[in-house]
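For reference, the structure discussed in these notes is given below.
What follows is calculated from the coordinates using simple rules that are stated; it is not laboratory data. Keep in mind it's a predicted model, so treat the numbers as computed, not measured.
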Amino acid sequence: MLAVMIIGSLLPGVALADSGAPQALNALQEQAIQKAVKESLKDPESASFKGLLGGQGSNGTQTACGFVNAKNSFGGYEGFAPFHGLLVTYTTEDGATKVYGFSVVTIAGAGISAQSVYDWCIRDGINL
């Protein structure tokens, strides 16, 4: 799987609650996360996800972690790999509309260990 530094996408939705504990994500947040993660894969259409959770970093950033499984260059599935990224909420000029963005920080594979990703998630209150 490909390790990625910052890939974003945007969707309208509702903000993630401020808490150091894991947070369930709403459907729009999950869509933003899946869209951004798929953009980093060799075969985006083959992607399946599980275990998506939100959290909050020590500096107040909203984060999300989960697992993705997708086909590699040879057409075989690699198995579920953990990922970590930043969930961003924007408010439009009207002050009422929320737009989500998600930036993939890392996906296990291509020299990045699953343990490294787990450590990032745990640091943000998300125990995969």
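Across region 43-48, rounded Karplus estimates of 3J(HN,Hα) from the backbone phi angles (6.51 cos²θ - 1.76 cosθ + 1.60, θ = phi - 60°) give 10, x, 5, 8, 5, 10 Hz, Gly and Pro being marked x.
At full extension, Asn72 and Lys42 could sit 10.2 nm farther apart than now, given 0.36 nm per residue minus the alpha carbon distance.
From largest to smallest, the equivalent ellipsoid semi-axes obtained for region 16-108 from the alpha-carbon gyration tensor read 26, 15, 10 Å. Multiplying the residue separation of Thr89 and Asn127 by 0.36 nm and removing their Cα-Cα distance gives an extension gain of 11.4 nm. From the Cα gyration tensor of region 62-128, with a ≥ b ≥ c the square roots of its eigenvalues, which class applies: rounded if a/c is under 1.5, or else prolate if a/b is larger than b/c, or else oblate? Oblate shape, in that a/c is at least 1.5 and b/c is the bigger or equal ratio. Taking a straight Cα-Cα cut-off under 16 Å and skipping sequence neighbours fewer than 8 places away in the same chain, the aspartates and glutamates within cross-link reach of Lys71 are Glu39, Asp43, Glu45. Backbone phi angles across region 60-75, fed through the Karplus curve with coefficients 6.51, -1.76 and 1.60 (θ = phi - 60°), yield HN-Hα couplings of x, 5, 7, 10, 8, 9, x, 10, 10, 10, 8, 6, 8, 4, 8, x Hz in residue order; Gly and Pro are listed as x.
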